[in-house]
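Participant: One structure is given below, represented as structure tokens, and several questions about it will come after.
FYI, it's all coordinate maths here, none of it is from the lab. Just so you know, these numbers come straight off a predicted model, no measurement behind them. For neighbour counting, all protein chains shown are included, and Cβ atoms are generated from backbone atoms with ideal geometry for every residue, glycine included.
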Amino acid sequence: MNLIKEISDLALAAYLSCYGFKIVSISYNGKRVSFHFAVDEPDETCIDYEILKFHNRNAMVDALTYSETLRNLKSMIYVQKGEKK
């Protein structure tokens with residue numbers, strides 16, 4: 001069974017995406033954007049652990065990959081916002 005983890009922090013979403021968690025959708029609530037990650041039940045603890053690592057500044061991913069992922073997520077936001085108009 002897949003669970004959905006909703007993340008509204010762009011930097012965290014980029015990290016989780018780099019780490020290997022898959023974005024399944026993006027939602028908008030006014031100006032707030034949320035990324036939805038599909039998480040298998042056994043991986044639920046893993047994603048929570050990675051979120052803690054990120055906030056405690058212990059997360060490690062390749063800097064270039066992170067930068068590209070952050071840029072791609074921003075593009076996804078602007079492309080989808082343009083489609084909704």
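Participant: Give the average over all directions of the projected area of the C-alpha convex hull of the stretch 2-84, one decimal, in nm².
Facilitator: Details: hull surface 21.9 nm².
With every direction weighted equally, the projected area is 5.5 nm².
Participant: Do you know the relative contact order of the stretch 2-84, to the nearest whole percent, from alpha carbon pairs under 8 angstrom that are 6+ apart?
Facilitator: Details: 84 pairs, mean separation 28.6, N = 83.
Computed over the stretch 2-84, the figure is 34 percent.
Participant: What is the angle, in °, between the Cα long axis of helix 44-55 and the longest principal axis of the Cα atoms in the chain? Nearest 10 is fine, range 0 to 90.
Facilitator: 80 degrees
Participant: Could you name the aspartates and glutamates in cross-link range of LYS31, using Cα to Cα under 16 Å and dropping any fewer than eight places away on the same chain?
Facilitator: Filter leaves GLU6, ASP9, GLU83.
Participant: Helix-only mean residue ellipticity at 222 nm, the chain, DSSP H runs n ≥ 4 weighted -39,500 (n - 2.57), per residue, nearest 500. What is it? Please report the intermediate quantities before stating the final value.
Facilitator: On the way: 3 runs with 44 residues, N = 85.
Result for the chain, helices only: -17000 deg cm²/dmol.
Participant: Just how large is the dipole of the chain about the Cα centre, in debye to the nearest 20, putting +1 at every Lys and Arg Cβ and -1 at every Asp and Glu Cβ? Walk me through the numbers before you get to the answer.
Facilitator: Values: 11 positive and 11 negative charges, 133 e Å.
It works out to roughly 640 debye.
Participant: Within the stretch 1-57, list the trypsin sites (Lys or Arg not before Pro) lying in a DSSP loop whose Cβ has at most 10 other Cβ atoms in a 10 Å radius.
Facilitator: On the way: sites: LYS5, LYS22, LYS31, ARG32, LYS53, ARG57; in loops: LYS31, ARG57.
Taking the stretch 1-57 and a limit of 10 other Cβ atoms within 10 Å, the loop trypsin sites (Lys or Arg not before Pro) found are LYS31, ARG57.
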